[in-house]
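S.K.: Starting off with a structure, shown below.
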Amino acid sequence: MNYTGKIGLFKFRQKYSNADRYTSVSKGCLHLHHDALKAIDLKVGDKYTIEKGDDDGLIIVRHSKSPTAPIVKEPENIRFQETYVLEFLGNNARISAQDLPLTDIEFEEAGDKLIGRLPDAVKISALQAKKLRDNEEADYRDIIRGYRGAAAAIALEAHRYGMKDTPIALDQMISLLREEGHRISQINGRLWRLDDRTATLGDLVQLARKYEDSIVLVAA
């Protein structure tokens, strides 16, 4: 059985615990009707979780036993229809920081959980705003659009072999780290100032992969 709902996202800055820096995350909400929650026996007062599915682009709604999990609240009257609003953090569902107006999303009942495919507009990579690609053949010109040289070769090979390698130039990586709240400046050709310590380019790459594990640094 399939159910139609709405998903919305907004981007905000969240402070790290015990640290004087911030990271960008998404807060999301799902609008679902009674029949969708009833399908998995999720009721007002029950704890729930919204998390990443087995494949990229899928999210799961299910019961949770975690003591910190959110609780289903009484439905709201939205456009003259009772609607349950389920809030969640985007990083739990591998959704990167972004804004998204309420958009249709389809869920399928799968036993004790609802499985939904995220709208194409939702980014699941902090570095890409492209639509999700499937394994069907694509024109190589589309695959490498926006890349040149080594970056284009990496993008093409990643597509051919189903890898997640994402080519990124140095300035893009620096922008990513700064967006995540880090202070970065170049000291000389080999050394950088990262927050309050000295770092090499390798240190920067390693840190960037904590936010996006598929990046491959290429020359500009």
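The values are calculated or read from the model by the stated rules, or taken from the named source; none is laboratory data. For clarity, every value in this text was computed on a predicted model and none was experimentally measured. Cβ sites come from the backbone with ideal geometry, for glycine too, and all protein chains shown count toward neighbours.
S.K.: Name the residue that is nearest to the chain's Cα centre (by Cα), counting only residues in segment 187-201 that are of a type outside the set (F, W, Y) and assigned to a strand (DSSP E or B).
M.R.: Let us first name the residues in segment 187-201 that are of a type outside the set (F, W, Y), namely 187-191, 193-201.
From what is left, the residues that are assigned to a strand (DSSP E or B) are 191, 193-194, 197-200.
Values: L191: 31, R193: 28, L194: 25, R197: 29, T198: 30, A199: 28, T200: 28 Å.
Here the residue is L194.
S.K.: While we're looking at this one, here's another question. Quick one: H182 ticks every box in (1) part of a helix (DSSP H, G or I); (2) surrounded by 14 or more Cβ atoms within 10 Å (Cβ to Cβ); (3) at pLDDT 85 or above bar one, so which box is it?
M.R.: (1)
S.K.: Looking at segment 185-195 only, could you name the residues that are exposed (fewer than 10 other Cβ atoms within 10 Å of the Cβ) and closer than 27 Å to S96 by Cβ?
M.R.: Restricting attention to segment 185-195, the residues satisfying the condition of being exposed (fewer than 10 other Cβ atoms within 10 Å of the Cβ) are 185, 188-190.
Hit for segment 185-195 is S185, nothing else.
S.K.: Separate question: Considering only segment 1-120, give the strands (runs of 3 or more DSSP E) lying wholly within it that have at least 2 residues that are on the phi < 0 side of the Ramachandran plot and surrounded by 12 or more Cβ atoms within 10 Å (Cβ to Cβ).
M.R.: The strands (runs of 3 or more DSSP E) meeting that bar are 2-15, 22-32, 48-52, 58-63, 81-89, 100-110, 113-117.
Matching residues to (1) of a type outside the set (D, E, K, R); (2) over 14 Å from the mean Cα position of the chain (by Cα); (3) more than 17 Å from R13 (Cα to Cα):
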{"residue": "K65", "(1), (2), (3)": "no, yes, yes"}
{"residue": "P70", "(1), (2), (3)": "yes, yes, yes"}
{"residue": "P75", "(1), (2), (3)": "yes, yes, yes"}
{"residue": "F80", "(1), (2), (3)": "yes, yes, yes"}
{"residue": "T83", "(1), (2), (3)": "yes, yes, yes"}
{"residue": "F88", "(1), (2), (3)": "yes, no, no"}
{"residue": "N92", "(1), (2), (3)": "yes, no, no"}
{"residue": "S96", "(1), (2), (3)": "yes, no, no"}
{"residue": "P101", "(1), (2), (3)": "yes, yes, yes"}
